Amino acid sequence: MGKIIEFPPAVRAKYEPVIGLEVHVQLLTQTKIFCGCSTQFGSKPNSNVCPVCLGMPGALPVLNKKAVEFAVLASQAIHCQVRETSIFARKNYFYPDLPKGYQISQFDKPLAEHGWIDIPAAGGGTKRIGITRLHIEEDAGKSIHDGFADSDAYTSIDLNRTGVPLTEIVSEPDMRSPDEAFEYLTRLKEIILYTGVSDCNMEEGSLRCDANVSIRPVGQEKLGTKAEIKNVNSFRYVREALEYEIARQIELVESGEKITQETRLYNPTEGRTYSMRSKEEAHDYRYFPEPDLQPLVVDARWQAEIRKTLPELPEARRSRMVGDYGITEYDAQVLTSSRTLADQFEEAAKASKNAKRVANLVQGELMGRLKAANLTIEDSPITMKGVAFSADLVEDGTISSKILKDLYDKAFAGDEDFPAVYEREKPQQLTDTGAIEKMIAEIIAANPKQVEQYRAGKTTMIGFFVGQVMKASKGQAKPELVNELLKKHLASGS
């Protein structure tokens with residue numbers, strides 16, 4: 001990674017970054033926005049095309065109703081005001097992967113405006129990031145510059161993506177640091193995933209981000225000259241690109257040079273941005289109303305029907321779960337990171353004896369193993385019902401935490417759910433007082449030095465003796481009973 005330009009704190013403190021983000025979200029429809037072609041990713045190049053999406057003369061677009069409903073639902077989830085009447089427009093520009101020579105988008109009358117998302121603030125609490133607009137548009141095709149025998153001489157074009165439905169979500173320039181931009185993207189993706197309108201798969205291009213950034217002297221109201229960083233394909237890279245670009249702009253200003261308004265690309269290998277082209281203005285695209293499409297009317301009744309399908313969103317769900325299950329805000333944050341995880345946890349928690357213990361096991365035992373195995377919650381061998389089952393066994397004293405860990409390890413090793421492993425192994429906690437006391441007597445006799453230290457006041461040695469008993473019992477002795485009996489025997493000298 002390239003070295004980010006370093007400045008003395010006093011120099012860096014003179015400038016305030018101003019950041020706005022444009023996020024393209026592919027809608028999860030089965031067919032394209034203006035024709036019946038499939039939107040399936042990974043199909044053979046140029047196989048999901050027809051006269052409409054290829055821009056053949058005389059072919060007319062027909063709007064996909066499901067795409068509209070998904071776009072409205074996304075708008076409602078980010079608190080936007082949905083227009084009853086919006087207008088499609090032609091955005092005119094020439095590029096090889098745009099067969100019509102224009103993109104059908106929206107301009108002065110977008111689908112929705114004036115929304116917001118709350119993000120964690122650096123000093124605690126939250127900060128509200130405004131959303132300027134959400135509009136509907138079609139995607140362009142894809143230019144492929146490598147991977148073929150003649151790639152050194154030719155660029156290949158795959159038009160399968162042409163006409164895939166998108167929403168573009170444009171934020172206000174309310175972010176003041178790369179970290180705030182990262183938080184905004186994280187929250188936006190989380191909300192969109194909850195609605196189910198997109199899978200937000202950045203590797204497949206279902207979510208793409210352009211970042212606009214400028215700097216200005218602290219206290220100045222007027223915005224500085226911005227650079228747009230185009231098509232960054234991960235949130236981490238967005239943060240890195242912004243960090244580099246802010247430093248680059250400060251260096252220019254400190255050197256007495258002017259910042260040029262331009263579009264730039266980020267190279268993650270080198271950790272720096274490069275100039276791509278001068279930044280276009282709206283008039284460069286010669287927008288005009290799309291003559292082949294009627295105005296889009298989403299009246300109050302239709303909006304209300306769509307709103308009925310809006311799920312409980314992450315922030316509201318976290319607050320409720322803290323109250324319902326007695327878990328911490330951090331627990332709730334982890335457990336609502338995806339709608340699938342939250343749904344499964346709530347189902348398991350309601351059926352378990354102790355919801356808090358279920359939450360602890362998800363974080364303490366399940367998530368760590370999933371991360372180590374590079375698995376998602378959907379791929380977990382231990383289901384959430386299995387977690388609840390294991391939590392109840394610990395809760396009623398049937399098994400110890402040590403036995404539970406061993407069984408979790410076996411479940412992951414054998415790709416089995418917890419109940420199946422438990423039924424096969426049938427481990428039980430050892431609660432036979434006589435058997436445990438026999439072990440204790442042998443351990444006390446074998447460790448006179450440690451006994452002496454304990455009786456001399458070093459009570460932390462109890463942990464050593466507990467460990468020895470658990471080892472001798474192969475983890476099956478009930479810890480609470482072991483502690484009780486050890487203290488009695490160590491104190492009595494027997």
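Of the residues that make up segment 368-378, is at least one surrounded by fewer than 20 Cβ atoms within 10 Å (Cβ to Cβ) and either touching a residue at least 40 places away in the same chain (Cβ under 8 Å) or closer than 30 Å to Lys487 by Cβ (or both)? Yes, some residue in segment 368-378 is surrounded by fewer than 20 Cβ atoms within 10 Å (Cβ to Cβ) and either touching a residue at least 40 places away in the same chain (Cβ under 8 Å) or closer than 30 Å to Lys487 by Cβ (or both). Return a yes/no flag: does segment 65-83 have any residue that is farther than 30 Å from Glu180 by Cβ, loosely packed, with under 14 Cβ neighbours inside 10 Å, more than 29 Å from the chain's Cα centre (by Cα) and not hydrophobic (A, V, I, L, M, F, W, C). No, every residue in segment 65-83 fails to be farther than 30 Å from Glu180 by Cβ, loosely packed, with under 14 Cβ neighbours inside 10 Å, more than 29 Å from the chain's Cα centre (by Cα) and not hydrophobic (A, V, I, L, M, F, W, C).
Listed residues Leu404, Leu370; which is within 28 Å of Phe464 (Cβ to Cβ) and assigned to a helix (DSSP H, G or I)? Before the answer, list the steps.
Numbers: Leu370 fails: within 28 Å of Phe464 (Cβ to Cβ).
Testing whether each residue is within 28 Å of Phe464 (Cβ to Cβ) and assigned to a helix (DSSP H, G or I) leaves just Leu404.
How many residues are assigned to a helix (DSSP H, G or I) and either without any contact (Cβ under 8 Å) to a residue 60 or more places away in the chain or of a type in the set (Asp, Glu) (or both) if we restrict to segment 155-185? Don't jump to the end; show me each part of the working.
The initial filter retains those residues of segment 155-185 that are assigned to a helix (DSSP H, G or I), namely 178-185.
Restricting the remaining residues to those that are either without any contact (Cβ under 8 Å) to a residue 60 or more places away in the chain or of a type in the set (Asp, Glu) (or both) gives 179-180, 182-183.
Total satisfying the criteria: 4.
With respect to Gly386, determine if the residue is part of a helix (DSSP H, G or I) and not polar (S, T, N, Q). Show your work before the answer.
Details: part of a helix (DSSP H, G or I): yes; not polar (S, T, N, Q): yes.
Spelling it out, Gly386 is indeed part of a helix (DSSP H, G or I) and not polar (S, T, N, Q).
Could you list, in sequence order, all residues of segment 124-157 that are among the charged types (D, E, K, R) and modelled with pLDDT under 95? Let's see the steps before the verdict.
In the first step, residues of segment 124-157 are kept if they are among the charged types (D, E, K, R); the result is 127-128, 133, 137-139, 142, 146, 150, 152.
Correct list: Lys142, Asp146, Asp150, Asp152.
Of all the residues in segment 449-479, those that are among the hydrophobic types (A, V, I, L, M, F, W, C), surrounded by 12 or more Cβ atoms within 10 Å (Cβ to Cβ) and more than 43 Å from the chain's Cα centre (by Cα) number 6. With respect to (1) over 30 Å from the mean Cα position of the chain (by Cα); (2) outside any strand (DSSP E or B), the lone exception for Pro110 is condition (1). Figure legend. Inter-residue proximity from segment 295-314: first residues surrounded by fewer than 13 Cβ atoms within 10 Å (Cβ to Cβ), second residues of a type in the set (Ser, Thr, Tyr), beta-carbon distance below 6 Å, spacing 6+ or different chains. Indicated pairs: Val297/Thr85. Being of a type in the set (S, T, N, Q), within 24 Å of the chain's Cα centre (by Cα) and more than 25 Å from Leu188 (Cβ to Cβ) holds for only one residue in Ser337, Ser380, Ser390, Ser352, and it is Ser380.
For segment 269-318, name all the residues that are of a type in the set (Asp, Glu), under 27 Å from Tyr184 (Cβ atoms) and out of contact with any Lys or Arg (no Cβ under 8 Å at 6 or more places or on another chain).
Keep residues of segment 269-318 that are of a type in the set (Asp, Glu), which gives 270, 280-281, 284, 290, 292, 299, 305, 312, 315.
Add one more test, that the residue is under 27 Å from Tyr184 (Cβ atoms), and what stays is 270, 280-281, 312, 315.
The answer is Glu270, Glu280, Glu281, Glu315.
Considered as a group, the residues in segment 315-357 that are modelled with pLDDT of 90 or more and part of a loop (DSSP other than H, G, I, E, B) include one that is surrounded by the fewest Cβ atoms within 10 Å (Cβ to Cβ), and that residue is Thr328.
So which residues in segment 268-314 are polar (S, T, N, Q), over 27 Å from Leu242 (Cβ atoms) and not in a loop (DSSP other than H, G, I, E, B), if there are any at all?
Taking segment 268-314 first, the residues polar (S, T, N, Q) are 269, 273, 275, 278, 294, 303, 309.
Among the residues that remain, those that are also over 27 Å from Leu242 (Cβ atoms) are: 294, 303, 309.
Passing the criteria: only Gln303.
Could you check segment 1-40 and list, in sequence order, the residues that are hydrophobic (A, V, I, L, M, F, W, C), part of a loop (DSSP other than H, G, I, E, B) and at pLDDT 95 or above?
Of segment 1-40, the ones hydrophobic (A, V, I, L, M, F, W, C) are 1, 4-5, 7, 10-11, 13, 18-19, 21, 23, 25, 27-28, 33-35, 37.
Narrowing further to those that are part of a loop (DSSP other than H, G, I, E, B): 1, 4-5, 7, 13, 27-28, 33-35, 37.
The answer is Leu27, Leu28, Ile33, Phe34, Cys35, Cys37.
Per-residue answers, yes or no, for (1) crowded, with 18+ Cβ neighbours inside 10 Å; (2) under 14 Å from Leu166 (Cα atoms); (3) more than 15 Å from the chain's Cα centre (by Cα); (4) not polar (S, T, N, Q):
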| site | (1), (2), (3), (4) |
| --- | --- |
| Arg187 | yes, no, no, yes |
| Leu193 | yes, no, no, yes |
| Ser206 | yes, yes, no, no |
| Ile215 | yes, no, yes, yes |
| Lys226 | yes, no, yes, yes |
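Screening Glu183 against (1) touching a Lys or Arg at 6+ places or on another chain (Cβ under 9 Å); (2) surrounded by fewer than 21 Cβ atoms within 10 Å (Cβ to Cβ) leaves a single unmet condition, (2). Applying the set (1) within 21 Å of the chain's Cα centre (by Cα); (2) in the same structural domain as Tyr194 (by TED's automatic domain parsing) to Arg318 leaves exactly one unmet item: (2).
The values are calculated or read from the model by the stated rules, or taken from the named source; none is laboratory data. None of these values were measured; they are calculated from a predicted model. All Cβ positions, glycine included, derive from the backbone under ideal geometry; neighbour counts span all protein chains shown.
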